[in-house]
Amino acid sequence: MKGTRRLRRLLAGEQRGFLARDRENWGDHLSRVRAFLGAGLAASGCRPALILGAGAGLEIPWAAAPRGTMGWDADPWSRAWTLLRHHRWAPWCFEDLTGGLADLDDLARRCLRQPWGRGLERPRDRAIRRLAALLASARPWPRHLELRLAELRPGAVLSANVLGQLGVVAQRLLEFHLGPWPWILFPRGEDPVSEALEEWIAHAVRAQLKVLAASAAPLWLIHDRAVIHGSQDVSLGPLREPWEEQLEGGGSAELEDALAGVDVRAELQLAAPGRELLRHERWLWPVAPGQLHLVEAVALGPPTG
């Protein structure tokens with residue numbers, strides 16, 4: 001229960017921080033996101049859609065959403081923000097999309113405590129090694145998403161910048177217990193928790209994609225593909241794989257893979273080869289000075305055959 005409350009407080013704080021940012025240079029990004037998600041809502045026809053990562057509604061064209069469309073965001077204030085912005089009290093799900101963040105929080109808490117002696121802490125280096133070892137075998141599964149898809153049978157599923165945020169939220173949870181990242185062990189300079197966390201993130205992303213691919217709905221997904229630090233002189237060439245090959249300029253910019261190496265389009269087409277690729281595009285989003293996000297949008301039709 002404590003882990004769930006901590007997660008909700010964390011997500012509420014992240015949402016407030018997002019909304020407080022200077023959005024002066026976000027116009028092109030917001031227009032593209034809303035147009036793409038609007039097309040996804042239109043693909044839902046008369047059936048309710050399911051919007052993952054609905055948040056405060058900044059990027060969601062709720063006016064185009066069919067009646068009964070459900071929002072999904074674990075931030076406890078997200079539904080109220082949507083009401084204030086769009087005057088729509090939509091059905092809502094507040095569950096953790098990964099199915100594993102509360103377990104991750106609990107795992108970190110237990111690793112920092114001795115199994116005996118109330119309140120006694122393990123030495124930090126032992127706690128970190130133990131957490132890394134146990135984290136390597138953790139396998140989050142989005143069971144709530146699986147159940148909701150079966151119950152709602154949506155006309156379309158939209159994912160509004162969820163996948164690229166899983167790693168950010170997981171890191172914030174661990175920082176609550178371990179202190180600021182990176183979690184270096186001296187004298188060797190190892191960071192075994194970060195390596196294990198990267199595997200956890202990749203598994204969480206793939207698990208979510210697998211559940212989405214198994215649904216009968218068309219899929220309209222937007223997510224951060226990468227974060228580019230330290231340079232605003234980056235442009236995009238023609239769409240190509242891997243994504244790094246599409247970037248032009250930038251000099252010594254630092255590239256951060258937001259999806260832990262997972263290729264969303266490839267994973268979905270592997271899991272559901274009968275789905276038609278409707279759209280695949282990328283653009284740059286100037287989030288803040290010195291910070292660009294490479295945004296990716298992928299749309300696939302319903303399964304065939």
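The values are calculated or read from the model by the stated rules, or taken from the named source; none is laboratory data. The shown structure was predicted, so the numbers you read here are calculated from the model rather than taken from an experiment. A quick note on method: Cβ atoms are made from the backbone with ideal geometry, for glycine too, and the neighbour counts reach across all protein chains shown.
Numerical summary
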quantity: Within the range 261-281, tally of residues that are in a loop (DSSP other than H, G, I, E, B) and either in contact (Cβ under 8 Å) with a residue 40 or more places away in the chain or more than 20 Å from A226 (Cβ to Cβ) (or both); calculated: 7
quantity: Criterion: on the phi > 0 side of the Ramachandran plot and not β-branched (V, I, T) - qualifying residue of G13, G45; calculated: G45
quantity: Out of R32, R21, R16, sole residue that is over 17 Å from the mean Cα position of the chain (by Cα) and at pLDDT below 95; calculated: R21
quantity: Filtered residues of the range 135-157 (kept if modelled with pLDDT of 95 or more and among the charged types (D, E, K, R)); calculated: R143, E146, R148, E151, R153
quantity: Selection count where residues are closer than 18 Å to V162 by Cβ and of a type in the set (D, E, K, R), scope the range 34-75; calculated: 4
quantity: Number of the condition not met by V287 [criteria: (1) more than 19 Å from V33 (Cβ to Cβ); (2) surrounded by 13 or more Cβ atoms within 10 Å (Cβ to Cβ)]; calculated: (1)
quantity: Verdict on T82 being under 29 Å from Q291 (Cα atoms), out of contact with any Leu (no Cβ under 6 Å at 6 or more places or on another chain), surrounded by 22 or more Cβ atoms within 10 Å (Cβ to Cβ) and β-branched (V, I, T); calculated: yes
quantity: Meets criteria (out of contact with any His (no Cβ under 7 Å at 6 or more places or on another chain) and either more than 29 Å from P286 (Cα to Cα) or of a type in the set (D, E, K, R) (or both)) for R109; calculated: no
quantity: Residue match in the range 211-230 (condition: over 30 Å from D22 (Cβ atoms) and of a type outside the set (A, V, I, L, M, F, W, C)); calculated: yes
quantity: Residue satisfying all of: in the range 193-223; in a helix (DSSP H, G or I) and polar (S, T, N, Q); farthest from G167 (Cα to Cα) among these; calculated: Q208
quantity: Set Q246, Q208: member being in contact (Cβ under 8 Å) with a residue 12 or more places away in the chain and buried (at least 20 other Cβ atoms within 10 Å of the Cβ); calculated: Q208
quantity: Residue list for the range 158-192, restricted to those being in a strand (DSSP E or B) and free of Cβ contacts under 8 Å to residues at least 24 places away in the same chain; calculated: E190
